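Each value in this text was obtained by applying a stated rule to the coordinates, not by laboratory testing. Note that this is a predicted model, so its numbers are computed, not measured. When we count neighbours, we look across all protein chains shown, and the Cβ atoms used for this are built from the backbone with ideal geometry, even at glycine.
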Amino acid sequence: MTIKTAIGALVDAKVRPFTIVFGAVAVLGLIDGGSGYFFSLGTLFSVMQLFATLGLVALGLGLSMLVREFDLSVAGIFSLAGCIAVITGVTHPWLGAVLGVAAGVASGFLQGVIMTRLGLSSVGVTLGGLLTLQGLTYVLSGNQTVSYPNMAVALGLNAPLAHLFSIRSAVALAVFALAALVMAFTHLGRDVIATGSDRRASRTAGLNTDRVLIAVFTASGALSALAGVLLSYSLGAASPVGLSDVLAPAAAAAIIGGVSVVGGRGNPAGIAAGVLTLCILRSGLSAIGVPPYVHDLVTGGILLCIAVLDAPELARHITAWRLNRAERRARALAKNPI
Amino acid sequence: MTEIALRTRFEQHRARMRHVALWIRLAAAAAIAAFALTTPGFLTPLSLNALFTAISFVGCVAVGMTFITLTGNIMSLALGATVSASALAFLAMLSFGILPAFLLTVLFAAIITGLQGFLVGHFRANPILVSIAALSLLLGGAAFVTGGHRIYPAGEGLAIFKGRILGIPKEALCFFATVLAGQLILSWTRVGRMMSMVGSNVRAATAAGIDAAAVITMAYVIAGACAAVSGVLLAARYGSGDMEIGAGYDYTAIAAVLVGGTGITGGSGSTLRTLVGTIVIAIIEVVLLLRGFSEQLQYLITGLIVLVVIMLHAAGEKR
Amino acid sequence: MPVLSIEGVTKRFGPNTVLKNVSLSLEAGEVRAICGENGAGKSTLVKILTGLYAPDGGSIALDGNPVEITSPQQAQERGIALVAQELSLAPALSVLDNIWLGNREVPLFHRRNSLRTRARAALDQIGLSDLALDTPASALNIGRRQLVEIARMLTRDARILFLDEPTATLSDVEIERIFSALQALKAAGKTVVYITHRLGEVFEVCDTVSVLRNGELVGTRRTAEIDRRQLMGLMLGRSAGEMYPSWQSRPGAAALTVKNLQVPPVVRDFSLVAERGTVTCIAGQIGSGAITVLRALAGLSAVATGAVEVLGRPMRLRSVLAAQSARVQFISEDRAGEGVFLRLSAQRNLVATKLRQHTKWGVLARAKLRDTAVKLASAVGIDRARLRSPADDLSGGNQQKLAFGRWLGGDEPGVLLMNEPTRGVDVGARAEIYRLIREFCDRGYCVVMASSDLEEVLGMADVVVTMYRGAQVGRYGRGEVDMHQVLADITHPAAAA
């Protein structure tokens, strides 16, 4: 196998996310240089904590991208569910959690129904949803941080298990495992990929694509809500979050994870790898002690690169450039034959 | 050989539907006007001032957003941050004099946004993703450059932006000028016409010989310039700036664009319509404030309005 | 008891009434052909019966019981299956998954041997024994995709099977496979409805034939009791000659010279010479590359290479701007997706390519632009009152006239390329379009046209070029070739390619 084919195999869309994760781990290891300072259990624990939050949102957003849509409202439901849980779950944390996730389910379901009944694209509907959800969050929270006095829950959620995980990250991993099973072994997974790959063809084949879309957006809402609930509980407070805190990293993670923005390609394992990559970078950078703005720069830079690499016309430009160059050479050769 | 001049029943039906849509719009506008005029304190100088303020800063961004939406690129989530960055740049460059600082700021924002347009136009990269990436880069970059400190004017002369002409605040006049300039570009120039064609169907535009990539880049450049105008006005108004100034402007801007009647799928729209949308939203905000609704509820209601408008617009286009 | 019967079915799209009062009935085990010209309403009828469209009037009954079929799923539940013209395979899925896509009886955990075995059996039945179940659908060519769709139909135990132009893209070997599959279905008591305008197949495979003309059902006959000429007569309702204008062609100098055009992966090595004042028709099936060739000449292909000369000057490929500067003008086969700006007014559509001439210092001369639009509209026969309506409101024929009108009014006549110029256009407008084409010719344009409608090719061409699998097969002058020869060329040419 030549170097070219080896690189080709590693960069192939299905394998790329895992290559990138290993790359990130390798970078962290290099920076560490064997001192065990960065490459420690402590760092890995913080990676998994980040994973718990970002991963669920990225999974939800990634699912919506699989069907060739884009759920802009994930940040909104993330904040709202957190607020609902914190406000209602003081004495009964389970109740708060259930209500928060239920809000996510309702919001995703409603948006899905609006989209399919009216034949609208997701961007407009989820934009309205985002604004509405953020508005609701402001109303509920009175535009202030709402504190969650139930310390036991907060500590319990964050207590390290086996040095590496916490209940939060264990839940996130379990959800990912469930998603991976559903996508791989049930026909729901195939239906999602089919809908994203060619919606018209799937509909003609007899698939109820409306139901698939509604299910995907409901799942996205539920996942983001769960992430918001868990984070608010563990921080002991809830407040409205900004876009760059949630949407940008989630989109970057999903795309690094091999999800294509035009749909039909991607899977939960890849998304998990993408999320891990971002979390490793973040934790690693924090451990080195860089100022917080570097996170934004790195996330933005990665997202930009991948958005361009994934862009449909990039291949066309490269091909055109190659063909033009070949033709120029041929013309030059014709003028000056050797 | 010409066809008979009778319009088919179908075309008459469609024309009638469009009349109905127009009447609904007029009725809604009348309802809002009534709502506003019956609110105590609406016609006072204080509330009218608030109105002008509300429309001027966000309005410029909305005009820029119109160009992005019109060319079929849905929206940009980075314009708000571009406004803040422009304000900071303007304040920092005031030592060169007002006019040079203004022009440099416009150039600065035009380049930042134009680069996004280049990627979206030439490579058809997803516009939302590119804008999200640009947002992160702008926030990170600004934090790097400013170290998180507020920026204060490096020179004199901000007072020129304050005051009124004929009773209307200068900022509002700047906004109206921007709207007018934008509308002239859209209706009277070749570039503007090409933008509407690219937004309507980019493949058809390419087949008709239009350089869609250049047109889209131009739309983004104009959007950046509009964001710069807003940033300059904000910097002049508040005398200092940080990256929080323009936060949230993207949402209100796209809401204004959609409420005004520009479709989110692109192709049809105008800055005059965006002007109407901006005014409508501002009136609703001011009226809600006067009637005692909290700022949070205003936000919520704006969101619901956007949702409803998008749904109505789509329902109207269905056949 | 007829297994399927319909009464008075009517369907309108905008200003067009595509189906008028159609009634017919099918018996079990019958293989019925439905024939008609382009635009007669065949596809629409099938889409109504399989749940993709809702009829505006009329009733449908299965086994004597009235039913409403509101979605493809419902149709499937009632035992109706469709293999449509636009293929419905999801490219990202494997052959196995595609066969079971949308099938209600698939259990939640779908990786079962029973499903694999049944899919394998279906594939073997149509002769695709060499196709692995896990092959991604994106790797298959159009012919094989069609066969996989038929395999999907077989696994659905449907009682009534609709095939819409199934052989348009297949080689003769693959066509034989379809025919044997159909015989097997018939023997099993299934009812087959076969939409086609290939009359030879009607007589080879079908028991009965219904003819649609202009949206109306003009007759149903047993294939044993009718011959080809009578069938054509029913389809056309008039002699073929009336549709196409008569003319005297005055060929001029060579306007377009193409050498070694390659457009991977479809077009391998294509060459062509076309003269001013003539209509050259490239005849080929879907997938033969005829459409790709013209798109490449119009600059729309990113991978085309070759040597092209237009009006004596070499022309760069892969650039729309270069093509238009070389006076090459193009009318797309995908009218809605590429040819017309549906949401913009007819006026704006007409002047879409004339903006530069009406601009000074970047500013448009709007009044002059309006006048130009009016002139162009009358030249192509579109009423002034329609100029301000969005193009979407216009009929397919009028939209196509917009596409033509765009290219009128230039100074120097050039090369006009068009793909499938009368696709989706009703019969009345088609005659007008043919007249327009001849007008362009008379003004000195070199017209090159790609079409899969062989009647159209023979009716309009001064020169017929036949294409098969990406290369030219034959070149004939007017009157030197007949339908039989053309059909032979484009399905199985004598010189093995």
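Full extension of the segment from residue C:385 to residue C:286, taken as 0.36 nm per residue of separation minus the current Cα-Cα distance, would add 31.9 nm. Listed peptides A:150-163, C:203-216, C:85-98 appear in the order C:85-98, C:203-216, A:150-163 once ranked by packing, highest mean of other Cβ atoms within 10 Å at the front. Projecting label points 7 angstrom from Cα along Cα→Cβ for residue C:334 and residue C:27 puts them 4.5 nm apart.
Please give the per residue volume of the convex hull enclosing the alpha carbon atoms of the protein assembly as shown, rounded to a whole number of Å³. Write down the numbers at each step before the final one.
Numbers: hull volume 242.5 nm³, N = 1154.
Convex hull volume per residue, Cα atoms: 210 Å³.
Note on residue A:177 and residue A:40: the model spin-label points, each 7 Å out from Cα along the C-beta direction, lie 2.9 nm apart.
With a Förster radius of 30 Å, plug the Cβ-Cβ distance of residue B:214 and residue C:313 into 1/(1 + (r/R0)^6) and report the FRET value to the nearest 0.05. After rounding, the FRET efficiency stands at 0.75. Helical content of chain A, expressed as a calculated mean residue ellipticity at 222 nm, amounts to -26000 deg cm²/dmol (DSSP H runs of 4 or more residues, -39,500 (n - 2.57) each, divided by residue number, nearest 500).
Using 1/(1 + (r/R0)^6) with R0 = 22 angstrom and r between the beta carbons of residue B:240 and residue B:144, what's the FRET efficiency to the nearest 0.05?
On the way: r = 19 Å, r/R0 = 0.87.
It comes out at approximately 0.70.
In this structure, residue C:248 and residue A:162 have a Cβ-Cβ separation that, at R0 = 60 Å, corresponds to a calculated FRET efficiency of about 0.10.
Rounded to a whole number, what is D in µm²/s for chain C from Stokes-Einstein with the Kirkwood radius over alpha-carbon pairs (4 °C, 1.567 mPa s)? Write down the numbers at each step before the final one.
Working: Rh = 24.3 Å.
It diffuses with D of about 53 µm²/s by this estimate.
Helix A:209-235 and the longest principal axis of the Cα set of chain A meet at an angle near 60°. When you restrict to C-alpha pairs under 8 Å that are six or more residues apart and normalise by the size of chain C, the relative contact order lands at 15 percent. Backbone N atoms of the range C:453-485 closer than 12 Å to the 7 Å Cα→Cβ label point of residue C:271 belong to residues C:472.
Here the alpha carbons of the range A:201-258 define both size measures, Rg and Dmax, at 15.9, 50 Å. Peptide A:181-192 has a mean shielding of 4, counted as Cβ atoms of other protein chains within 10 Å of each residue's Cβ. In the neighborhood of residue C:306, defined by Cβ-to-Cβ distances under 15 Å, what is the net charge if each Lys or Arg adds +1 and each Asp or Glu adds -1? Local charge sum for residue C:306: +3.
Calculate, in nm to one decimal, what residue C:65 and residue C:488 gain on full extension: separation in residues at 0.36 nm each, minus their alpha carbon distance. Spell out each step's value before the answer.
Values: separation 423, 0.36 × 423 = 152.28 nm, distance 4.49 nm.
Between residue C:65 and residue C:488, full extension yields 147.8 nm more.
Volume per residue, Å³, of the convex hull around the alpha-carbon atoms of the range C:81-129?
Working: hull volume 4.9 nm³, N = 49.
Once divided by residue count, the hull of the range C:81-129 is 101 Å³.
When C:361, C:100, B:23, C:247 are sorted by how many other C-beta atoms sit within 10 angstrom of their C-beta, beginning with the fewest, the order is C:361, B:23, C:247, C:100.
Between residue C:135 and residue C:228, the distance separating the two model label sites (each 7 Å from Cα on the Cα→Cβ line) works out to 3.3 nm.
Helical runs (DSSP H, four residues minimum) scored at -39500 (n - 2.57) apiece and divided by the length of chain C put the mean residue ellipticity at 222 nm at -9000 deg cm²/dmol. Inter-chain Cβ neighbour count for A:120-126, averaged per residue, equals 6 (cutoff 10 Å, partner chain atoms only). According to the Cα-based calculation, Rg over Rh for the range B:186-246 is 1.21, with Rh computed by the Kirkwood formula. Compute the label zone of residue C:357 within the range C:311-328: residues whose backbone N is under 14 Å from the point 7 Å along Cα-to-Cβ. Only C:325, C:327-328 pass the distance filter.
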